[in-house]
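Only one structure is covered here, and it is reproduced in the block below.
Since every read-out is calculated from the coordinates, none of them should be taken as a lab result. All values reported here derive from a predicted model rather than from experimental measurement. Using ideal geometry, Cβ is built from the backbone for each residue, glycine included, and neighbour counts are taken over all protein chains shown.
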Amino acid sequence: MAKDILEIITREAKKQKINIDITPEVYDVPLKDLGIDSFTSLNIIVTIEQELGVRVPDEELDKIKTINDLVQEFKKLLNK
């Protein structure tokens, strides 16, 4: 599952011309430091929501600052 989420992040970042190599070393780096702005971040979240059939509650969106935050939030939603 985490691999699927990471693949979506990579794919969506590339669509926005952001070339990132998602390795464990960057899991806790702020998204903005990886070149992922708030617009791109929101697009990535919406795409993951659509592909996995879940929705991140609005109050949780501001808490997503890193790739690890993204993965953990979706894992939590899928395990409900």
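Taking 0.36 nm per residue of separation and subtracting the Cα-Cα distance, full extension of the segment from Ser38 to Glu7 would add 9.3 nm.
Name the trypsin sites (Lys or Arg not before Pro) in the range 4-72 that are in a loop by DSSP and that have at most 15 other C-beta atoms within 10 Å, would you? Intermediate results must be reported in sequence, preceding the final value.
On the way: sites: Arg11, Lys14, Lys15, Lys17, Lys32, Arg55, Lys63, Lys65; in loops: Lys17, Arg55, Lys63, Lys65.
The qualifying sites are Lys17, Arg55, Lys63, Lys65.
With q set to 0.11, 0.20, 0.27 Å⁻¹, the log10 of I(q)/I(0) for the chain, from the Debye formula over equal scatterers at the Cα positions, is -0.23, -0.83, -1.65.
Can you tell me how the range 1-44 classifies by the Cα gyration tensor, rounded, prolate or oblate, using a/c under 1.5 as the rounded cut? Cα axes put the range 1-44 in the oblate bin.
The charge dipole of the chain, taken about its Cα centre with unit charges on the Cβ atoms of Lys, Arg (+1), Asp and Glu (-1) only, comes to about 200 debye. Of Asp69, Asp37, Asp58, which has the largest mean-square fluctuation in a 10 Å C-alpha GNM of the chain? Top of the fluctuation ranking is Asp58. Take the Cα of Leu52, step 7 Å toward its Cβ, do the same at Asn19, and the gap between the two points is 2.8 nm.
In this simple spin-label approximation, Lys75 and Tyr27 carry label points 7 Å from Cα along the Cα→Cβ vector, and these lie 0.7 nm apart. Straight-line reach only, C-alpha to C-alpha below 13 angstrom: list the aspartates and glutamates that Lys76 could link to, leaving out same-chain residues fewer than 8 apart. Answer for Lys76, where 13 Å is the Cα cut-off: Glu49, Glu60, listed by chain and number.
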